[in-house]
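Contents: one structure, followed by commentary.
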Amino acid sequence: MIKKNIKILIITSIVILLPIIAGVVLWNKLPDKVPIHWNINNEVDRYASKTFFVFFMPLIFLAMHWFCVVVTTLDPKNQNHQDKMLVLVFWLIPLINLVLSTITYFTTLGIGVEMGIIMPLFLGFIFLVLGNYLPKCKQNYTIGIKIAYTLNSEENWNKTHRFAGWVWTICGFIIMLTSFLNTWWILLVVLLIMAIAPLIYSFILYKKGV
């Protein structure tokens, strides 16, 4: 699969490394300590040296990106991976890296950025997209809801992913709405529902013999 998608892998890897160029250009304007984490009150609570942020953070994301691609490639059922799902695998980490890097650079340069608005919007959009693709996800070992009930029964897999698709799509909209409500507890509850509801549904199907 890597050989087949080598061009997109090269492109996405370059995208991950692009913030390094921005960091080099802005080097003299960056403080010695750069914000890398925000708490639920939209306040910076963790910093890193600008050397680490500019040069090593993108490399960490690059390593994560290649790990996900390699693991997906080694999946014994990789023939079930649909092209649209593979696009998400290739682009998810590069997009996350770009958004986080942009927010950090803006914050460091004194450009007003509301993390409490941007991140729920971004997360909600990602989950909304994933929710639309989950029902199309065929049985495999790397993409989707991989538990014993779904892996041992293709019918359970299909029904669970159709259910999860609806849950994740609806929850994605709700998460996006939380960006304007400034209520992080709602976000946490929604994330728990997204994680637990499909598991419970799959278990119920299993008990019914599916």
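The values are calculated or read from the model by the stated rules, or taken from the named source; none is laboratory data. As the structure is a prediction and not an experimental result, all values here were calculated from the model. Glycine gets a Cβ as well: all are built from the backbone with ideal geometry, and neighbour counts include every protein chain shown.
Here are a few things to note about the model shown:
- A single member of 124, 131 is within 25 Å of residue 57 (Cβ to Cβ), surrounded by 19 or more Cβ atoms within 10 Å (Cβ to Cβ) and not assigned by TED's automatic domain parsing to the domain that holds residue 20, and it is 124.
- Scanning the stretch 18-48 for residues that are over 20 Å from the mean Cα position of the chain (by Cα), exposed (fewer than 14 other Cβ atoms within 10 Å of the Cβ), of a type outside the set (D, E, K, R) and within 30 Å of residue 187 (Cα to Cα) returns a single hit, 41.
- Screening 102, 107, 51, 73 for residues that are modelled with pLDDT of 80 or more, under 29 Å from residue 179 (Cβ atoms), polar (S, T, N, Q) and out of contact with any strand residue (DSSP E or B) (no Cβ under 9 Å at 6 or more places or on another chain) leaves exactly one candidate, 102.
- Flag for residue 51 being more than 26 Å from residue 187 (Cβ to Cβ), of a type in the set (S, T, N, Q) and buried (at least 16 other Cβ atoms within 10 Å of the Cβ): no
- Residue 194 surrounded by fewer than 19 Cβ atoms within 10 Å (Cβ to Cβ) and in a helix (DSSP H, G or I): no
- Within the stretch 10-40, being farther than 20 Å from residue 96 by Cα, free of Cβ contacts under 8 Å to residues at least 60 places away in the same chain and of a type outside the set (A, V, I, L, M, F, W, C) holds for 28, 32, 33.
- Residues of the stretch 69-77 include none that is free of Cβ contacts under 8 Å to residues at least 60 places away in the same chain and surrounded by 14 or more Cβ atoms within 10 Å (Cβ to Cβ).
- Filtered residue count, the stretch 71-108, keeping only those that are under 18 Å from residue 22 (Cα atoms) and either in the same structural domain as residue 124 (by TED's automatic domain parsing) or of a type in the set (S, T, N, Q) (or both): 6
- Going through (1) touching a residue at least 60 places away in the same chain (Cβ under 8 Å); (2) assigned by TED's automatic domain parsing to the domain that holds residue 208; (3) touching a Ser or Thr at 6+ places or on another chain (Cβ under 6 Å) one by one, residue 118 falls short only on (3).
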